[in-house]
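Here the structure is laid out as C-alpha coordinates; the discussion comes afterwards.
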Amino acid sequence: MKYDFDAGTDRRNTNSLKWDVAEHELPMWVADMDFTTAPSVREAIESRASHGVFGYCVIPDSWYKAYMGWWDRRHHFAMEKEWLIFCTGVVPAISSIVRKLTTPAEKVLIQSPVYNIFYNSILNNGRQVLESRLVYDGEDYSIDFEDLETKLADPQTSLMILCNPHNPVGKIWKKDILERIGELCAKHHVLVLSDEIHCDLTKPGCDYTPFAAVSEVCRDNSITCIAPTKAFNLAGLQTAAVVVPNEVLRHKVWRGLNTDEIAEPNAFAVDAAVAAFTKGEEWLDELREYIFHNIKLAAEYIDKEIPQFQVVSSQATYLMWLHYNGKVGSASEAAEFIRRETGLYLSDGVQYGGGGEEFLRMNVACPRAVLEDGLARLKEGIIAYLEADSFMN
(Lines give C-alpha, C1' and ligand atoms only; values in the text may rest on other atoms or scores of the structure.)
Protein backbone atom coordinates (compact mmCIF):
# COMPACT_ATOMS: atom_id res chain seq x y z
CA MET A 1 0.00 0.00 0.00
CA LYS A 2 1.11 3.55 -0.72
CA TYR A 3 -0.42 4.86 2.51
CA ASP A 4 0.53 3.57 5.97
CA PHE A 5 -2.64 2.89 7.93
CA ASP A 6 -0.72 0.84 10.48
CA ALA A 7 0.94 3.97 11.81
CA GLY A 8 -0.71 5.00 15.05
CA THR A 9 -1.48 8.57 16.11
CA ASP A 10 -1.74 9.44 19.80
CA ARG A 11 -5.07 11.25 20.14
CA ARG A 12 -5.10 11.67 23.89
CA ASN A 13 -5.01 15.21 25.24
CA THR A 14 -6.30 16.64 21.94
CA ASN A 15 -9.85 17.43 23.13
CA SER A 16 -11.06 14.34 21.29
CA LEU A 17 -14.60 13.21 22.09
CA LYS A 18 -13.60 9.63 21.36
CA TRP A 19 -10.35 9.61 23.33
CA ASP A 20 -11.37 11.71 26.32
CA VAL A 21 -11.45 8.56 28.45
CA ALA A 22 -9.42 7.07 31.28
CA GLU A 23 -5.78 6.29 30.51
CA HIS A 24 -6.28 2.52 30.52
CA GLU A 25 -9.37 2.59 28.32
CA LEU A 26 -9.54 1.73 24.63
CA PRO A 27 -12.41 3.59 22.90
CA MET A 28 -13.94 1.74 19.94
CA TRP A 29 -17.36 3.34 20.02
CA VAL A 30 -18.15 6.65 18.25
CA ALA A 31 -17.89 6.75 14.42
CA ASP A 32 -14.56 8.55 14.27
CA MET A 33 -11.49 6.98 12.63
CA ASP A 34 -8.04 6.81 14.20
CA PHE A 35 -6.30 7.47 10.88
CA THR A 36 -4.88 10.80 9.81
CA THR A 37 -6.80 12.17 6.85
CA ALA A 38 -5.62 12.04 3.23
CA PRO A 39 -2.36 13.89 2.57
CA SER A 40 -4.08 16.06 -0.05
CA VAL A 41 -6.59 17.23 2.56
CA ARG A 42 -3.88 17.99 5.11
CA GLU A 43 -1.96 19.97 2.49
CA ALA A 44 -5.06 22.01 1.64
CA ILE A 45 -5.69 22.79 5.31
CA GLU A 46 -2.06 23.68 5.95
CA SER A 47 -1.99 25.92 2.90
CA ARG A 48 -5.12 27.72 4.04
CA ALA A 49 -3.75 28.04 7.59
CA SER A 50 -0.53 29.60 6.32
CA HIS A 51 -2.50 32.52 4.91
CA GLY A 52 -3.12 33.67 8.47
CA VAL A 53 -6.43 35.52 7.90
CA PHE A 54 -9.64 33.67 8.74
CA GLY A 55 -12.51 35.99 7.96
CA TYR A 56 -15.99 35.25 6.62
CA CYS A 57 -16.10 32.83 3.68
CA VAL A 58 -18.28 32.22 0.64
CA ILE A 59 -18.95 29.04 -1.35
CA PRO A 60 -16.88 29.02 -4.57
CA ASP A 61 -17.68 27.16 -7.78
CA SER A 62 -14.90 24.70 -6.96
CA TRP A 63 -16.94 23.38 -4.04
CA TYR A 64 -19.96 22.63 -6.24
CA LYS A 65 -17.79 21.08 -8.95
CA ALA A 66 -16.03 18.86 -6.42
CA TYR A 67 -19.30 17.37 -5.15
CA MET A 68 -20.81 17.04 -8.61
CA GLY A 69 -17.69 15.42 -10.05
CA TRP A 70 -17.34 12.95 -7.17
CA TRP A 71 -20.94 11.76 -7.25
CA ASP A 72 -20.95 11.49 -11.02
CA ARG A 73 -17.64 9.62 -11.10
CA ARG A 74 -18.00 7.44 -8.01
CA HIS A 75 -21.75 6.94 -7.73
CA HIS A 76 -23.09 7.54 -11.25
CA PHE A 77 -25.40 10.30 -10.12
CA ALA A 78 -25.39 13.55 -12.10
CA MET A 79 -26.27 16.36 -9.72
CA GLU A 80 -26.95 19.92 -10.80
CA LYS A 81 -25.25 22.85 -9.11
CA GLU A 82 -28.56 24.38 -8.03
CA TRP A 83 -29.43 21.26 -6.04
CA LEU A 84 -26.52 21.70 -3.62
CA ILE A 85 -26.61 23.71 -0.39
CA PHE A 86 -23.65 23.98 1.98
CA CYS A 87 -24.27 23.19 5.65
CA THR A 88 -22.08 22.71 8.68
CA GLY A 89 -22.98 19.06 9.23
CA VAL A 90 -25.41 16.27 8.46
CA VAL A 91 -26.89 16.21 11.97
CA PRO A 92 -27.53 19.99 12.09
CA ALA A 93 -29.14 19.68 8.66
CA ILE A 94 -31.40 16.82 9.78
CA SER A 95 -32.56 18.75 12.84
CA SER A 96 -33.17 21.87 10.77
CA ILE A 97 -35.17 19.95 8.17
CA VAL A 98 -37.27 18.29 10.86
CA ARG A 99 -38.09 21.74 12.26
CA LYS A 100 -38.78 23.35 8.90
CA LEU A 101 -40.70 20.64 7.08
CA THR A 102 -42.76 19.05 9.85
CA THR A 103 -44.94 20.50 12.57
CA PRO A 104 -44.93 19.77 16.33
CA ALA A 105 -46.46 16.42 17.32
CA GLU A 106 -46.23 15.01 13.80
CA LYS A 107 -44.54 11.64 13.39
CA VAL A 108 -41.15 11.04 11.83
CA LEU A 109 -40.56 7.45 10.74
CA ILE A 110 -37.21 5.72 11.18
CA GLN A 111 -36.10 2.12 10.64
CA SER A 112 -34.61 0.83 13.86
CA PRO A 113 -32.06 -0.13 14.96
CA VAL A 114 -30.64 3.08 13.53
CA TYR A 115 -28.23 5.93 14.22
CA ASN A 116 -29.15 7.13 17.69
CA ILE A 117 -28.95 10.87 16.94
CA PHE A 118 -32.02 10.55 14.69
CA TYR A 119 -34.02 10.16 17.90
CA ASN A 120 -32.55 13.37 19.30
CA SER A 121 -33.32 15.32 16.13
CA ILE A 122 -36.93 14.21 16.30
CA LEU A 123 -37.69 14.34 20.02
CA ASN A 124 -35.76 17.53 20.77
CA ASN A 125 -37.90 19.31 18.21
CA GLY A 126 -41.22 18.21 19.64
CA ARG A 127 -42.02 15.54 17.05
CA GLN A 128 -42.90 11.89 17.63
CA VAL A 129 -40.62 8.98 16.78
CA LEU A 130 -42.34 6.27 14.77
CA GLU A 131 -40.27 3.08 14.49
CA SER A 132 -40.59 0.54 11.73
CA ARG A 133 -38.23 -2.15 12.92
CA LEU A 134 -35.93 -3.91 10.51
CA VAL A 135 -36.25 -7.68 10.49
CA TYR A 136 -33.20 -9.68 11.58
CA ASP A 137 -33.24 -13.35 10.57
CA GLY A 138 -30.09 -14.31 12.44
CA GLU A 139 -27.81 -13.41 9.55
CA ASP A 140 -29.12 -10.40 7.65
CA TYR A 141 -31.57 -7.50 7.86
CA SER A 142 -34.58 -6.78 5.69
CA ILE A 143 -37.56 -4.42 5.67
CA ASP A 144 -41.04 -5.38 6.85
CA PHE A 145 -42.87 -3.56 4.05
CA GLU A 146 -46.31 -4.33 5.46
CA ASP A 147 -45.38 -2.62 8.71
CA LEU A 148 -43.64 0.21 6.84
CA GLU A 149 -46.67 1.00 4.71
CA THR A 150 -49.05 0.83 7.67
CA LYS A 151 -46.99 3.46 9.46
CA LEU A 152 -46.46 5.61 6.38
CA ALA A 153 -50.24 5.60 5.92
CA ASP A 154 -50.74 7.18 9.35
CA PRO A 155 -51.98 10.73 8.58
CA GLN A 156 -49.65 12.06 11.30
CA THR A 157 -46.56 10.68 9.55
CA SER A 158 -45.01 13.44 7.45
CA LEU A 159 -41.32 12.55 7.16
CA MET A 160 -39.21 9.41 6.87
CA ILE A 161 -35.50 9.51 7.71
CA LEU A 162 -33.74 6.89 5.62
CA CYS A 163 -30.22 5.70 6.45
CA ASN A 164 -28.46 4.69 3.22
CA PRO A 165 -26.13 2.83 3.81
CA HIS A 166 -27.65 1.88 7.13
CA ASN A 167 -25.85 2.61 10.40
CA PRO A 168 -25.35 0.49 12.53
CA VAL A 169 -26.19 -2.69 10.59
CA GLY A 170 -23.93 -1.93 7.60
CA LYS A 171 -26.64 -2.58 5.02
CA ILE A 172 -26.50 -1.13 1.50
CA TRP A 173 -30.08 -0.83 0.31
CA LYS A 174 -30.49 -2.15 -3.23
CA LYS A 175 -32.09 -0.07 -5.95
CA ASP A 176 -35.34 -2.04 -6.05
CA ILE A 177 -35.75 -1.68 -2.28
CA LEU A 178 -35.14 2.06 -2.45
CA GLU A 179 -37.60 2.34 -5.33
CA ARG A 180 -40.28 0.56 -3.32
CA ILE A 181 -39.65 2.86 -0.33
CA GLY A 182 -39.88 5.88 -2.61
CA GLU A 183 -43.15 4.78 -4.16
CA LEU A 184 -44.75 4.09 -0.77
CA CYS A 185 -43.64 7.44 0.61
CA ALA A 186 -44.96 9.30 -2.42
CA LYS A 187 -48.23 7.37 -2.25
CA HIS A 188 -48.77 8.41 1.36
CA HIS A 189 -47.40 11.97 0.99
CA VAL A 190 -44.40 11.34 3.23
CA LEU A 191 -41.18 13.22 2.46
CA VAL A 192 -37.91 11.24 2.47
CA LEU A 193 -34.81 12.61 4.17
CA SER A 194 -31.90 10.34 3.22
CA ASP A 195 -28.74 10.35 5.35
CA GLU A 196 -26.00 9.06 3.03
CA ILE A 197 -22.95 10.12 5.03
CA HIS A 198 -21.45 6.58 5.02
CA CYS A 199 -21.84 6.10 1.25
CA ASP A 200 -18.11 6.31 0.46
CA LEU A 201 -17.20 3.63 3.01
CA THR A 202 -18.54 0.65 1.12
CA LYS A 203 -16.86 -2.72 0.87
CA PRO A 204 -14.60 -2.86 -2.21
CA GLY A 205 -16.72 -4.23 -5.05
CA CYS A 206 -19.98 -3.06 -3.46
CA ASP A 207 -21.71 0.01 -4.88
CA TYR A 208 -24.31 2.16 -3.19
CA THR A 209 -27.23 3.78 -5.00
CA PRO A 210 -28.16 7.36 -4.04
CA PHE A 211 -31.86 7.47 -3.18
CA ALA A 212 -32.45 10.47 -5.44
CA ALA A 213 -30.89 8.60 -8.39
CA VAL A 214 -33.39 5.75 -8.29
CA SER A 215 -36.33 7.37 -10.08
CA GLU A 216 -38.08 10.66 -10.72
CA VAL A 217 -40.44 9.83 -7.87
CA CYS A 218 -37.54 9.40 -5.45
CA ARG A 219 -35.72 12.46 -6.76
CA ASP A 220 -38.68 14.84 -6.50
CA ASN A 221 -39.80 13.71 -3.04
CA SER A 222 -36.45 13.64 -1.26
CA ILE A 223 -33.72 15.58 0.48
CA THR A 224 -30.27 14.00 0.77
CA CYS A 225 -27.48 14.76 3.25
CA ILE A 226 -23.91 14.00 2.15
CA ALA A 227 -20.42 14.90 3.33
CA PRO A 228 -16.72 13.98 3.16
CA THR A 229 -16.54 13.84 6.94
CA LYS A 230 -16.91 10.10 7.59
CA ALA A 231 -14.82 8.88 4.65
CA PHE A 232 -12.00 11.38 5.21
CA ASN A 233 -12.28 11.72 9.01
CA LEU A 234 -13.18 15.42 8.96
CA ALA A 235 -16.10 15.64 11.39
CA GLY A 236 -14.40 18.36 13.41
CA LEU A 237 -14.22 20.66 10.38
CA GLN A 238 -18.02 20.96 10.09
CA THR A 239 -18.48 20.57 6.35
CA ALA A 240 -21.37 18.90 4.54
CA ALA A 241 -23.99 19.40 1.83
CA VAL A 242 -27.71 18.98 1.35
CA VAL A 243 -28.98 17.88 -2.07
CA VAL A 244 -32.52 18.96 -2.98
CA PRO A 245 -33.57 18.48 -6.62
CA ASN A 246 -37.16 19.69 -6.05
CA GLU A 247 -37.17 23.49 -6.33
CA VAL A 248 -40.01 24.05 -3.86
CA LEU A 249 -38.47 21.78 -1.24
CA ARG A 250 -35.08 23.33 -1.87
CA HIS A 251 -36.31 26.81 -1.03
CA LYS A 252 -37.78 25.57 2.24
CA VAL A 253 -34.60 23.71 3.18
CA TRP A 254 -32.46 26.71 2.26
CA ARG A 255 -34.61 28.96 4.45
CA GLY A 256 -34.41 26.50 7.32
CA LEU A 257 -30.61 26.14 7.15
CA ASN A 258 -30.14 29.90 6.99
CA THR A 259 -32.62 30.58 9.78
CA ASP A 260 -30.67 28.14 11.94
CA GLU A 261 -27.37 29.78 10.92
CA ILE A 262 -25.80 26.52 9.68
CA ALA A 263 -25.28 27.47 6.03
CA GLU A 264 -21.98 29.36 6.27
CA PRO A 265 -18.55 27.68 6.07
CA ASN A 266 -15.64 28.15 8.41
CA ALA A 267 -12.24 28.98 6.95
CA PHE A 268 -11.28 25.33 6.31
CA ALA A 269 -14.60 23.67 5.43
CA VAL A 270 -14.53 24.37 1.69
CA ASP A 271 -10.86 23.71 0.98
CA ALA A 272 -10.89 20.40 2.87
CA ALA A 273 -13.96 19.14 1.02
CA VAL A 274 -12.62 20.18 -2.37
CA ALA A 275 -9.28 18.48 -1.72
CA ALA A 276 -11.00 15.30 -0.53
CA PHE A 277 -13.26 15.02 -3.57
CA THR A 278 -10.70 16.05 -6.19
CA LYS A 279 -7.46 14.53 -4.89
CA GLY A 280 -8.38 11.93 -2.26
CA GLU A 281 -9.63 9.06 -4.39
CA GLU A 282 -6.54 6.85 -4.29
CA TRP A 283 -6.20 7.30 -0.52
CA LEU A 284 -9.87 6.43 0.04
CA ASP A 285 -9.67 3.27 -2.06
CA GLU A 286 -6.70 2.05 -0.01
CA LEU A 287 -8.50 3.01 3.21
CA ARG A 288 -11.52 0.91 2.23
CA GLU A 289 -9.29 -2.09 1.53
CA TYR A 290 -7.65 -1.68 4.93
CA ILE A 291 -10.92 -1.27 6.82
CA PHE A 292 -12.60 -4.28 5.29
CA HIS A 293 -9.51 -6.38 5.92
CA ASN A 294 -9.85 -5.29 9.55
CA ILE A 295 -13.48 -6.37 9.48
CA LYS A 296 -12.54 -9.75 7.96
CA LEU A 297 -9.84 -10.35 10.58
CA ALA A 298 -12.16 -9.33 13.41
CA ALA A 299 -14.98 -11.53 12.13
CA GLU A 300 -12.67 -14.55 11.88
CA TYR A 301 -11.27 -13.94 15.37
CA ILE A 302 -14.70 -13.51 16.94
CA ASP A 303 -16.09 -16.58 15.18
CA LYS A 304 -13.16 -18.68 16.45
CA GLU A 305 -12.41 -17.20 19.86
CA ILE A 306 -15.58 -15.45 21.10
CA PRO A 307 -18.63 -17.60 20.26
CA GLN A 308 -20.80 -15.47 22.54
CA PHE A 309 -20.88 -12.88 19.74
CA GLN A 310 -22.00 -13.26 16.15
CA VAL A 311 -20.86 -10.73 13.57
CA VAL A 312 -23.58 -9.40 11.30
CA SER A 313 -22.26 -9.36 7.74
CA SER A 314 -21.97 -5.82 6.39
CA GLN A 315 -21.30 -4.10 3.07
CA ALA A 316 -20.61 -0.58 4.37
CA THR A 317 -19.25 1.54 7.24
CA TYR A 318 -16.37 0.64 9.57
CA LEU A 319 -18.80 -0.25 12.34
CA MET A 320 -19.22 -3.91 13.24
CA TRP A 321 -22.62 -4.95 14.59
CA LEU A 322 -22.19 -7.76 17.11
CA HIS A 323 -25.07 -9.96 18.22
CA TYR A 324 -24.70 -11.14 21.81
CA ASN A 325 -25.95 -14.70 22.07
CA GLY A 326 -24.57 -15.52 25.49
CA LYS A 327 -26.67 -17.61 27.81
CA VAL A 328 -26.57 -15.13 30.68
CA GLY A 329 -27.14 -11.45 31.25
CA SER A 330 -27.63 -8.94 28.45
CA ALA A 331 -25.58 -7.12 25.85
CA SER A 332 -25.84 -3.92 27.90
CA GLU A 333 -24.60 -5.60 31.06
CA ALA A 334 -21.80 -7.30 29.13
CA ALA A 335 -20.69 -3.99 27.59
CA GLU A 336 -20.63 -2.27 30.97
CA PHE A 337 -18.72 -5.13 32.57
CA ILE A 338 -16.19 -5.36 29.71
CA ARG A 339 -15.46 -1.66 29.89
CA ARG A 340 -15.06 -1.74 33.66
CA GLU A 341 -12.84 -4.83 33.67
CA THR A 342 -10.76 -4.37 30.51
CA GLY A 343 -11.18 -0.75 29.47
CA LEU A 344 -12.68 -1.67 26.09
CA TYR A 345 -15.38 0.89 25.32
CA LEU A 346 -18.02 -0.27 22.82
CA SER A 347 -21.41 1.21 21.93
CA ASP A 348 -24.45 -0.36 23.59
CA GLY A 349 -26.99 -1.43 20.98
CA VAL A 350 -29.89 -0.22 23.13
CA GLN A 351 -29.23 3.38 22.11
CA TYR A 352 -30.07 2.55 18.48
CA GLY A 353 -33.69 1.84 19.33
CA GLY A 354 -35.97 -1.13 18.93
CA GLY A 355 -34.17 -4.28 17.86
CA GLY A 356 -30.79 -3.14 19.16
CA GLU A 357 -31.08 -4.62 22.63
CA GLU A 358 -29.04 -7.75 21.90
CA PHE A 359 -26.20 -6.00 20.08
CA LEU A 360 -23.00 -4.03 20.55
CA ARG A 361 -21.34 -1.75 17.97
CA MET A 362 -17.58 -1.85 17.48
CA ASN A 363 -15.56 0.71 15.51
CA VAL A 364 -12.66 -0.99 13.68
CA ALA A 365 -11.33 2.07 11.79
CA CYS A 366 -7.99 1.89 13.57
CA PRO A 367 -4.47 0.52 13.07
CA ARG A 368 -4.34 -3.27 13.12
CA ALA A 369 -2.41 -3.39 16.38
CA VAL A 370 -5.19 -1.42 18.06
CA LEU A 371 -7.79 -3.77 16.61
CA GLU A 372 -5.91 -6.79 17.93
CA ASP A 373 -5.75 -5.17 21.38
CA GLY A 374 -9.49 -4.52 21.26
CA LEU A 375 -10.32 -8.08 20.25
CA ALA A 376 -8.13 -9.50 23.02
CA ARG A 377 -9.90 -7.26 25.53
CA LEU A 378 -13.29 -8.33 24.20
CA LYS A 379 -12.39 -12.00 24.66
CA GLU A 380 -10.94 -11.40 28.11
CA GLY A 381 -13.93 -9.33 29.15
CA ILE A 382 -16.66 -11.72 28.05
CA ILE A 383 -14.90 -14.68 29.66
CA ALA A 384 -14.66 -12.74 32.93
CA TYR A 385 -18.30 -11.67 32.60
CA LEU A 386 -19.49 -15.25 32.25
CA GLU A 387 -17.28 -16.43 35.11
CA ALA A 388 -18.58 -13.63 37.35
CA ASP A 389 -22.16 -14.62 36.59
CA SER A 390 -21.38 -18.26 37.29
CA PHE A 391 -19.79 -17.34 40.61
CA MET A 392 -22.75 -15.19 41.61
CA ASN A 393 -25.14 -18.03 40.86
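The values are calculated or read from the model by the stated rules, or taken from the named source; none is laboratory data. All of these numbers come straight from a predicted model, not from anything done at the bench. Note that we place each Cβ from the backbone using ideal geometry, even for glycine, and neighbour counts take in every protein chain shown. The accessibility values were calculated without ligands, DNA or RNA, using every heavy atom of the protein model including side chains. Shrake-Rupley method; radii C 1.70, N 1.55, O 1.52, S 1.80 Å.
Of the candidates 299, 272, the single residue that is buried (at least 16 other Cβ atoms within 10 Å of the Cβ), without any contact (Cβ under 8 Å) to a residue 40 or more places away in the chain, on the phi < 0 side of the Ramachandran plot and part of a helix (DSSP H, G or I) is 299. Before we move on, is residue 181 out of contact with any helix residue (DSSP H, G or I) (no Cβ under 8 Å at 6 or more places or on another chain) and either closer than 21 Å to residue 134 by Cα or among the basic types (Lys, Arg) (or both)? When the stated conditions are applied, residue 181 does not pass them. A count restricted to region 180-194 and to residues that are surrounded by 20 or more Cβ atoms within 10 Å (Cβ to Cβ) and either out of contact with any Ser or Thr (no Cβ under 8 Å at 6 or more places or on another chain) or more than 25 Å from residue 153 (Cα to Cα) (or both) stands at 2. Residues of region 84-136 that are aromatic (Phe, Trp, Tyr), open to solvent by 40 Å² or more (accessible area, probe 1.4 Å) and either assigned to a loop (DSSP other than H, G, I, E, B) or closer than 30 Å to residue 270 by Cβ (or both): 115 alone.
Taken over region 214-228, the residue count meeting the criterion of being surrounded by fewer than 24 Cβ atoms within 10 Å (Cβ to Cβ) and either without any contact (Cβ under 8 Å) to a residue 40 or more places away in the chain or part of a loop (DSSP other than H, G, I, E, B) (or both) is 7.
Kindly check whether there is at least one residue in region 362-370 that is more than 24 Å from residue 137 (Cβ to Cβ), charged (D, E, K, R) and in contact with a Leu (Cβ under 8 Å, 6 or more places away or on another chain). There is at least one residue in region 362-370 that is more than 24 Å from residue 137 (Cβ to Cβ), charged (D, E, K, R) and in contact with a Leu (Cβ under 8 Å, 6 or more places away or on another chain). For region 77-110, the set of residues classified as acidic (Asp, Glu) and closer than 19 Å to residue 129 by Cα consists of 106 only.
So is residue 355 of a type in the set (Gly, Ala, Ser), surrounded by fewer than 20 Cβ atoms within 10 Å (Cβ to Cβ) and in contact (Cβ under 8 Å) with a residue 60 or more places away in the chain or not? Spelling it out, residue 355 is indeed of a type in the set (Gly, Ala, Ser), surrounded by fewer than 20 Cβ atoms within 10 Å (Cβ to Cβ) and in contact (Cβ under 8 Å) with a residue 60 or more places away in the chain. Only one of the numbered conditions (1) touching a His at 6+ places or on another chain (Cβ under 8 Å); (2) of a type in the set (A, V, I, L, M, F, W, C); (3) within 24 Å of residue 235 (Cα to Cα); (4) open to solvent by 30 Å² or more (accessible area, probe 1.4 Å) is not met by residue 153, and that is (3).
With respect to the conditions (1) over 19 Å from residue 268 (Cα atoms); (2) under 21 Å from the mean Cα position of the chain (by Cα); (3) surrounded by 15 or more Cβ atoms within 10 Å (Cβ to Cβ), residue 17 falls short on a single one, namely (3).
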